[in-house]
Structure formats: C-alpha cells, structure tokens
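The next block holds one structure in the form of structure tokens; read it before the comments.
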C-alpha cells in the first residue's frame, strides 16, 4: 500500500506571534492563501490516487487551529468529504501548543482529524523566551497531554541550535516528547532566513548560526533518543516543497538538501562501530558483512561511502559488505578466510 501525502500549505495565518526564527510573514506576503482555492487543489490531488493508496490530507505551514473558526471548519468540511467517501484515509494538521484547548480538540474530533503535529521547538523556558515563542514549556506539556488524552496521534516538532539552546536542553526536549506520548517527531536544525529577527541577531553577533557538522552531530544524538523510544522520526531538516528552504531565502545555517540522510548515516556509523568495538574485530584477511534492513543501504554505507571507508580504515578491514536482510536488527557477521592444507 502506497502512502501518499496531500499537503495543503497555509501561510502565516492564525498566529499573531513573531518568533525570531520565523520567516512565514515574508512568505505569506508573496503567497496569498485563498481558502476557496483548496477545493480545486484537493480534487486535483485526489484524482491522481490509485486504488489501494493510503492517502492523508495534511494542513501544514501555519497554526491551523489558530485561524478563524469559519475558515478552519470550511477546510475541515472539504477534507472530511474525502474521508467519508473513502478516497482519503486520514487527516493531520500542525499547530502551536497555545492553540490547543477543549473546544478546538472537539472540533477536530468531529471532523475526523487523526494526527496533530505540535510545534514545540524546545521544552526549555530559557530557550522559548530567547526565541520569543510566546508560550512556556508548561503550556507545551499541557497541550501534549490533552492531545493524547483525546485520542489523537501526537507528533512533536523540535529545533536544534536555537538561541540560548545547548545540547543538554535539546536532549531534554527529545526525552520529554517521548515521555508525553508522541508517536512521531520532526527535527529541524535552525536555519537563519533573511527578513527575520534571527537574521538581525546573526548579523550583529548576538547569535551564532549552527554549522552543518554541529547540526548533524546534535540531530543524531536527538534522533537516537527517538529511535530508542520507538518514536518515529518523520523528517530531519526543512522541506523544500513548502517554500521554506530555498537558497535565496537563507542567510546562514545548515540548509542541506540531504541533511536527514547525513544524520541517519552518522547514527548508523555509530551503531555499526559500537558493535565492532564490542566484538573486537579481528578479521584482516576475511570478510565483514553488515546486515541491515531493507531500504537502509544508503544510510548504512553513508554518503559517498563515507561510513564504509571510515570503518575499513579504523578496523583494518580489507573486505566490507553491506547486506539487506529481512530483519529490523542491525548486526555484523565475520567470515574468516578459509585456508586449505594437503
């Protein structure tokens, strides 16, 4: 069954706040949102679906539950039509913690919303204040609990490298997202956009943009927490299809098209290396086989075979092979070279 996402991008509607990192106000001015146009957009997208596709309509980009009620209900009614006739299987939306309450959750439940993605960014009040986020960590925890208690799937979105953030605050945020019942997560290393307060802070020296190497390392450590707690990481890094990551819009920061792949590669490298260190690799003339799950080859081998090269160099391996298997468990097999005597 193919999983297909139908994203409806809502510019910066429903949010009076101006977080230092947010460029949605400038995007909104260039991409006017007309709710009535969504009907045609949805019909065109749904018409491309095949029988058996698992399709989901996703309201992304702005704070969906913060837009005016009439517009929100209009969009929900459009989407529910496809749920009712079976062509679409699920609905999801993204919003802020301070736009979650009993009334909002009741409306979303009525219109068969399945998943709520919450832009948490950090669970540290110092970081939230420095970002002018407009809510506290307590607000975020309350919203997470309410979403889970009302039977919605919770996805926690967090950021790496925010003003006043450090690795400790980021690891804490990831742990709290897991503890509060999230089934999924997104990791966004901070990119500095033009026409934002964060850009002004970077230009003046008040803020130092995070480097690509730091973004990879810190995201990897956060990703490990999610994976260890069976919280699926949906994405690492910004999505270019949402008009968020074009080079023309970026002043500084880790805006890399393959950021997620790089982070996953580093995580795989750490795990393979840990196994080999534990086993005490001693197979100089034989073959070392790394057994991985289907679809994980590029992550395990690393971009430009970076992981394979580093492992061979560190452990003196002459022949290293990566093999996809019907397994969810990463493992390493050592095949000694056979010698024959008369």
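What to note about this one:
- Averaged over residues, the count of other Cβ atoms within 10 Å places the peptides 328-335, 110-117, 91-98 in the sequence 91-98, 110-117, 328-335, highest first.
- Take the Kirkwood radius over Cα pairs of the chain, plug it into Stokes-Einstein at 4 °C and 1.567 mPa s, and you get 59 µm²/s for translational diffusion.
- Percentage relative contact order, the range 194-289, counting C-alpha pairs under 8 Å, at least six apart: 32
- Sum of -39500 (n - 2.57) over DSSP H runs of 4+, divided by residues of the chain (222 nm, nearest 500): -12000 deg cm²/dmol
- Stokes-Einstein diffusion for the range 40-89, with the hydrodynamic radius set to the Kirkwood value over Cα pairs and evaluated at 25 °C in a medium of 0.890 mPa s, equals 207 µm²/s.
- Comparing Cα centroids, the range 263-283 and the range 125-151 end up 37 angstrom apart.
- Relative contact order, percent, the chain [alpha-carbon distance under 8 Å, six or more residues apart]: 12
- Distance in nm between pseudo-label sites at residue 230 and residue 129 (7 Å out along the Cβ direction from Cα): 3.8
- Ascending count of other beta-carbon atoms within 10 Å, so fewest first, for 21, 322, 64: 322, 21, 64
- For the chain, share of DSSP beta bridges that run antiparallel, in % to the nearest 5: 15
- Rounded tilt (10° steps) of 38-47 against the dominant C-alpha axis of the chain: 40
- Evaluated at q = 0.15, 0.16, 0.23 Å⁻¹: base-10 log I(q)/I(0), Debye formula over Cα of the range 122-244: -0.70, -0.80, -1.45
- Computed on the Cα atoms alone, the convex hull of the range 80-151 gives a volume of 82 cubic angstrom per residue.
- Taken over the Cα atoms of the range 271-335, the convex hull encloses 73 Å³ per residue.
- Based on C-alpha pairs under 8 angstrom that are at least 6 apart in sequence, the range 271-335 has a relative contact order of 52 percent.
- Against the chain, whose longest principal axis is taken from its Cα atoms, helix 212-228 shows a tilt of about 90°.
- Placing one equal scatterer on every Cα of the range 30-140 and applying the Debye formula, the log10 ratio I(q)/I(0) at q = 0.15, 0.21 Å⁻¹ is -0.72, -1.14.
- Distance between modelled label sites at residue 102 and residue 326, nm, 7 Å Cα→Cβ extension: 5.2
- Cα-based helix-to-principal-axis angle, 259-279 vs the chain, degrees rounded to 10: 40
Every number here is computed from the coordinates shown, using simple stated rules; none is lab data. From a predicted model like this one, the values you see are computed outputs, not experimental measurements. We place every Cβ from the backbone using ideal geometry, glycine too, and count neighbours over all the protein chains shown.
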